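Data first, discussion second: the structure below is written as structure tokens.
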Amino acid sequence: NPVIVWLRRDLRLADQAAFHAAAQSGAPVIPVYVLDDEAPRHHRMGGASRWWLHHSLSRLDADLRAIGSRLVLRRGKAHEELAAIRREVGARTVHCLAHYEPWWRNAERAVAKHFQLVRHDGNYLAPPGTILSGAGTPYRIYTPFWRALSERLPPPLPVAAPAHLPAPANWPASDALEDWGLLPRAPDWAGGLRAMWSPGEGGARERLADFAEAAAVYEQRRNLPAQEGTSLLSPHLHFGEISPAAVWHAVAGAGGSVGTFLGELGWRDYAQNVILQFPDYATRSAKAEFDHMPWRTGPEAEADLAAWQQGRTGYPIVDAGMRQLWRTGWMHNRVRMLAASFLIKHLMIDWREGERWFWDTLVDADHGQNAVNWQWSAGSGVDANIFSRIMAPLSQSVKFDAAGYIRQWVPELAGLADGEIHDPVVRPRGYPRPIVDHGAGRARALAAMVQAKGEA
Ligand code: FAD
């Protein structure tokens, strides 16, 4: 009987334990991707992710064909589609990598009722749920989590891609990728994405090779948005085009400040650790007082939200970040933190509005990482951050030397000198005045927190 490899966010051949095990079994292998837009409900994949997925699936199919196989595409509930494939070709065993989004855990339970389901690890440095304190409980705070995870590192050495995958006598029916409509129709907003990214395993490997040379100076450059000082691996890691173990082993020997970078990979594991404990973390504040927060709503708040989304807040660094996001599907981490803080605190708009916008526009949109970082930014989460820590967008823009970055993404300001561009006194035509005053916004946010705490 053939065996099925059920693919989700693990679209690679190298260091992919499900492929490895299926290839070792000697049985014919049927690689299947099932697109299910119903199960994730409000976390149905967003526009930028769908663009990425299209190209990643296309690359994977090409890579599979090069080793005698192909990718079967189906649309619907995973267990129903896999059961239909079994009726077509008689497979009884399904290999997959474990995933921790609540909808994927449900889908795994449903598939396990129909098949012998073999779940493998490999999308995290250590299997989520296994990093526990001495008392056997999961961690809520990053630092002790990372300390405990570090004791389990390095991760196992990556396993090479199979050289050949035996094909079944008959292939089950497959949808055509083009019919899924994952790419934008008119207007085509993906030009900036195409210019920046090469989705797929080959593109991921190239990014990693580029970064490996710079990993030793990560600490010095990672907070400077005008430089390419970070790895740009996030969408590749999200879609599982490269394993974190492969990333680890490629850079860990770089010396210098590579330890800081490895700690960021640790944040990725930490996010899953939080989501496992709080499956509704993307939609629910962990701290009770946030249910009493007087978030702004109504037409004025909606106009402010739109200004934030479009990069028209009058705060140059925030606007540069939001425009970078819209054009490329990615934003520098330092600027993500500033833009999030600005929405939540200066504009007093519910962090979930920001989470939703990022979910739709990021190519690296990830249920765990997005929710954990938004709740961290709000100070509403289980981690140690607090609401009253309000980032000052103007001084941060100076501190992290964002002039070149602003020039790149806000062309209206490109003619201004370094000293002026962070907070122009005279605004070039077409560039808005700040939609909120920094001091007034800050005072309003602090008063709101006092009120919420009083009511909680
Ligand atoms: P590098 O600095 O090279 O880091 C390497 C890898 O470590 C990243 O690819 C990523 O997988 C992981 N990582 C880095 N920083 C973090 C972090 N703070 N939390 C968790 N993992 C991290 N990252 C996502 O992958 N998906 C998201 O949906 C996402 N939403 C975010 C929302 C907000 C409000 C903020 C402040 C941050 C968010 N991040 C998210 C984290 C971070 O901004 C990105 O991972 C990072 O900018 C990606 O660029 P890079 O690959 O060059 O990162």
(request) Return only the number of the condition from (1) under 22 Å from ARG442 (Cβ atoms); (2) more than 12 Å from the ligand (Cβ to nearest atom) that TRP326 does not satisfy. (result) (1)
(request) Mind checking which helices (runs of 4 or more DSSP H) fall wholly inside the range 346-431 and carry at least 2 residues that are within 13 Å of the ligand (Cβ to nearest atom)? (result) 351-361, 367-378
(message) Of everything in the range 419-436, what is surrounded by fewer than 13 Cβ atoms within 10 Å (Cβ to Cβ) and without any contact (Cβ under 8 Å) to a residue 24 or more places away in the chain? Give them in sequence order.
(response) GLY419, VAL425, VAL426, ARG429, GLY430
(request) Of the numbered conditions (1) within 15 Å of the ligand (Cβ to nearest atom); (2) under 21 Å from the mean Cα position of the chain (by Cα), HIS249 fails exactly one; give the number of that condition. (result) (2)
(request) Residue by residue through the range 203-246, note down the ones that are within 11 Å of the ligand (Cβ to nearest atom), charged (D, E, K, R) and in contact (Cβ under 8 Å) with a residue 60 or more places away in the chain. (result) ARG222
(request) Enumerate the pairs (first residue in the range 83-106 and hydroxyl-bearing (Ser, Thr, Tyr); second residue anywhere and not in a helix (DSSP H, G or I)) with beta-carbon separation below 6 Å, excluding pairs fewer than 6 apart on the same chain, so at least 6 apart or on different chains. (result) THR93/VAL3; THR93/GLN116; TYR100/PRO128
(message) Residues that are more than 11 Å from the ligand (Cβ to nearest atom), touching a Phe, Trp or Tyr at 6+ places or on another chain (Cβ under 9 Å) and polar (S, T, N, Q): does the range 289-299 have at least one?
(response) no
(message) farther than 23 Å from GLY47 by Cβ, within 14 Å of the ligand (Cβ to nearest atom) and not assigned by TED's automatic domain parsing to the domain that holds LEU265: is that true of LEU338 in this structure?
(response) yes
(request) Return the only residue of ASP188, ASP175, ASP210 being in a loop (DSSP other than H, G, I, E, B), out of contact with any Cys (no Cβ under 7 Å at 6 or more places or on another chain) and surrounded by 11 or more Cβ atoms within 10 Å (Cβ to Cβ). (result) ASP175
(request) Note down all Cβ pairs under 7 Å where the first residue falls in the range 49-64 and is in the same structural domain as VAL32 (by TED's automatic domain parsing), the second is assigned to a helix (DSSP H, G or I), and they're at least six residues apart or on different chains. (result) TRP51/LEU193; TRP52/PRO235; HIS54/LEU177; LEU57/LEU177; SER58/LEU177; ARG59/GLU201; ARG59/GLY202; ASP63/GLU201
(message) I need every pair where a residue in the range 10-30 that is among the aromatic types (Phe, Trp, Tyr) has its Cβ under 6 Å from the Cβ of a residue that is at pLDDT 95 or above, sequence separation at least 6 or different chains.
(response) PHE19/VAL5; PHE19/LEU13; PHE19/PRO162
(message) Residues to consider are ARG152, ARG140; find the one that is out of contact with any helix residue (DSSP H, G or I) (no Cβ under 7 Å at 6 or more places or on another chain), closer than 16 Å to GLN272 by Cα and assigned to a loop (DSSP other than H, G, I, E, B).
(response) ARG140
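The values are calculated or read from the model by the stated rules, or taken from the named source; none is laboratory data. On a predicted model such as this, the values are computed, not experimentally measured, just so you know. With ideal geometry, Cβ positions are generated from the backbone for all residues, glycine too; neighbour counts draw on all protein chains shown.
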